[in-house]
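This report refers to the structure that appears directly beneath it.
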Amino acid sequence: MWPFLLFACVPRAELVTARAPTPVELVVVTQPAGSRAPTDAPASVYSAIEAVLSARLLTPTRVDSAVFSESFSTRRSTAQRLSWLAARPGDTVLVLVETEVEYYSEMNGRYRWTVSVVASVLPPDRPLEAVEASFEIPVFLSFYHEREDKALEAAVPVLSRRLGELVDTWVAGQTGG
Amino acid sequence: MRKLVPSLFLFAALSSPAWAGADVGGYFRVMTRPDLVGGDGKLGYWNLYGRLLNEGPYGAVELKLDVLERQPTSRELWTDLHVKVEGGSIAGADAGNGGLGNLRLSQVYVQAGNLAINGVTWRMGTLESNFGDLGLYDMRLAQVLTDTVGVSARYEGGVVDALIGVGDAGYTLRPDRYNSIVSPGGTLRVRAGGHVELGAGAQAYLEPEVVGNRNAPYTTPGLSYDDYVRRDFVADYAEENPGESTVVPRPGPTSASSYKGVFYLGFGSLGPLTWNNLFGSYTVRHPDSYVTESYNGVDYDLYVAGLTDERTVLLLGDELQLRLVPERLDLVVGALYGLHRDADNNIAPSDDDRRYWSAVARAQVYLSPVVHLLGEGSYAEERSHNGKQWRNHYDSLFANSQDPDDPLALQFGDADVRTTIQGKGGLVLNPLGPGIYTRPSLRILYGIQWSSQNNAFGNSYVESLDQYNYLYPAEVSADEVERHVHQLVALEAEVWF
């Protein structure tokens, strides 16, 4: 049994951090089923994403959903949304995380949901340096009454890992390491 | 080979390009539990003592193909296809050795939404609906239409969910002796805020009288439960009616019906109480069709609808999930009660005429987000209504043959109660963090069971005096080989994807 405990001591991969604290604007979008208007992600999801950014010396500022909700209801592609965000005043780096949660089926007593994520990092003044990743995260919830928000929260461990890798890619490109 | 061919066909079909865009979900558990005292690698007989260490390997893969993808921003028609393959065998982990014949195509259905009625999901194919799971027991007590292929409509609103369906359950209830069993059913679930849910449902089984169909329900006149259990009806009848060319009375056709009702109450999201699920079901089981007796080299089918139409099952189960110290300690407590009655049977111990209850508690301590300690304990009591069903001692058969309460010698053992206590514990690695039901989960566990029954676990011990004399050294006396304690060490992995 004791060898298993050694897993707790395995060092984590080194993070790629910015040379200096770098402000970023964070937009996390959730697309509810049957509605054109995207909404805010749960606070715990925001917090987890902020932790990912902060660990890399990026200083996130949340963009309130009231700012983008109406515009995003008509701009439904990632490119359209990034373009709209970039057109706003200022040149702060944008981090856009778009999520969509879909019920899959009940499997052996658990409720399987699929969380689809498109994550983008865009410096508005250098669009060619943008990086993007899209991926799907299967999550299993124990109870029928747990819906999209809970599925999104359950996806946080994988979402954080994948987003961290994306941010590392972008930061490494900025710092040359 | 008969089972293998469909499996190969299925795998070939699912690997075709048409499935290239399909999503894949599933579940696997695999383990090794070297049993150094002759058991089959399971701590006890069944899930009544908690599913942990009492279940074998299992795999399930479900494919979902969006034929017309559901658009989150649209109320347009959508349709998808689900195909599920599952089975309880993995190479090297059980006696089936992962053979494809152990898998089954358990679900195939097509769903369509926003078809004619917005907000209603139509489903055609295998139907299955349940109110939830008792995770500690891996049981779903409140389920309907699981045995039915047909069509259903489900409405999901903010407060009320409703399901209604109808189909045929004949192939599930009578796989080798098919007769149509029309089966309507439905459920209703009401939600009050985020803290309370109430549900109820019912399903009926209607099997018509079909004269001339040998799989349809009939009853053989004069067949008593004693004859049915002993399988000596034909011999007795021939003895009492010498010279008759047809020795078995002609069975009378009949119709058969049965039903089940289910109940659910869920509440929680209050302080440390994550959720509590209470499930109940009452089932009047569907009658069996026939049994076969051989007499003088001839097989006779004896129809038993009239002898198996009064079997009922009442099940109650509860599971309470508590987050006692967030991110540090979770506790799940479960309880299960079962009452099986068979009004036709007053003479023989049977799984259809017994009652049982158990309680299981599992705690998980999170040493770190990934490394956890697990502890589980269970207590269970099973009681036979028709005499002694279990053997507490190696020589119980001899003791029982002297029992004045059992002149027919239909009892199996020397006890009508089986008590089982289990304790399990060990180390768990959950890469995705805390949570008793978070997966994937890698576990190294130790389990110990005490049972009032001798050898209360799957085993390969000698079963006859010949085997005993052959395999036991002469100096070992029989009472030295009585076992009430069983221990196991297990390496397990469990994953949802």
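The values are calculated or read from the model by the stated rules, or taken from the named source; none is laboratory data. Fair warning: this is a prediction, and the values are worked out from it, not measured in the lab. As a convention, Cβ positions derive from the backbone with ideal geometry for all residues, glycine included, and neighbour counts pool all protein chains shown. Side chains included, ligands, DNA and RNA excluded: accessible areas come from the protein's heavy atoms. Shrake-Rupley method; radii C 1.70, N 1.55, O 1.52, S 1.80 Å.
Would you mind classifying chain B by shape? Square roots of the alpha carbon gyration tensor eigenvalues, ordered a ≥ b ≥ c; an a/c under 1.5 is rounded, otherwise it is prolate if a/b is larger than b/c and oblate if not.
Oblate.
Contact residues in the stretch A:62-108 by the 40 Å² criterion (accessible area, 1.4 Å probe, full protein complex versus chain alone): A:Glu102, A:Tyr104, A:Glu106, A:Met107, A:Asn108. Within the stretch A:106-176, the percentage of alpha carbon pairs spaced more than 15 angstrom apart rounds to 60%. For the stretch A:22-175, compute Rh as the Kirkwood radius over C-alpha pairs and then the Stokes-Einstein diffusion coefficient at 4 °C and 1.567 mPa s; write the answer in µm²/s, rounded to an integer. For the chosen part, D equals 82 µm²/s. If you wrap the Cα atoms of the stretch B:227-269 in a convex hull and average its projected area over all directions, you get 6.2 nm².
Taking one quarter of the surface of the C-alpha convex hull of the stretch A:34-112 gives a mean projected area of 7.2 nm².
Ignoring lysines fewer than eight residues from B:Lys64 along the same chain, the ones with Cα atoms less than 27 angstrom from its Cα are A:Lys150, B:Lys3, B:Lys84.
Can you give the average number of partner chain beta-carbon atoms within 10 Å of each beta-carbon in peptide A:142-151, as a whole number?
5
What's the local net charge at A:Pro89, with K and R +1, D and E -1, over the other residues with C-beta under 15 Å away?
Neighbourhood net charge equals -2.
Computed over the stretch B:25-86, the Cα gyration tensor eigenvalues convert (square root of 5λ each) into semi-axes of 42, 12, 8 Å, ordered from largest to smallest. Kindly identify the stretch B:97-142 as rounded, prolate or oblate by the Cα gyration tensor criterion: order the square roots of the eigenvalues as a ≥ b ≥ c, call it rounded if a/c is under 1.5, otherwise compare a/b with b/c, prolate if a/b is larger, else oblate. Cα axes put the stretch B:97-142 in the oblate bin. Computed with a 1.4 Å probe on the full set of protein chains, the accessible area for A:Ser142 sits at about 30 Å². Across the accessible surface of chain B, with the other protein chains kept in place and a 1.4 Å probe, carbon and sulfur atoms take up 59 percent.
Provide the percentage of antiparallel DSSP beta bridges, counting only those with both residues in chain A; round to the nearest 5.
65
What is the pair-distance distribution P(r) of the stretch B:72-130, computed from all Cα-Cα distances in 10 Å bins starting at 0, with each bin given as a whole percent? Percent of Cα pairs in each bin: 20, 32, 23, 15, 10, 0.
Expressed in units of 2.2 N^0.38 Å, where N is the residue count, the Cα radius of gyration of the protein assembly as shown is 1.14. When B and A come together, around 3300 square angstrom of accessible surface is lost from both chains combined, probe 1.4 Å. At the residue level, A:Glu153 shows approximately 70 square angstrom of accessible surface with a 1.4 angstrom probe and all protein chains present.
In a DSSP loop and with at most 11 other Cβ atoms within 10 Å, the GluC sites (Glu not before Pro) in the stretch B:191-273 are B:Glu244. When a/c reaches 1.5 or more, the comparison of a/b and b/c decides; with that in mind, is the stretch B:314-405 rounded, prolate or oblate per its Cα gyration tensor? Verdict is oblate for the stretch B:314-405.
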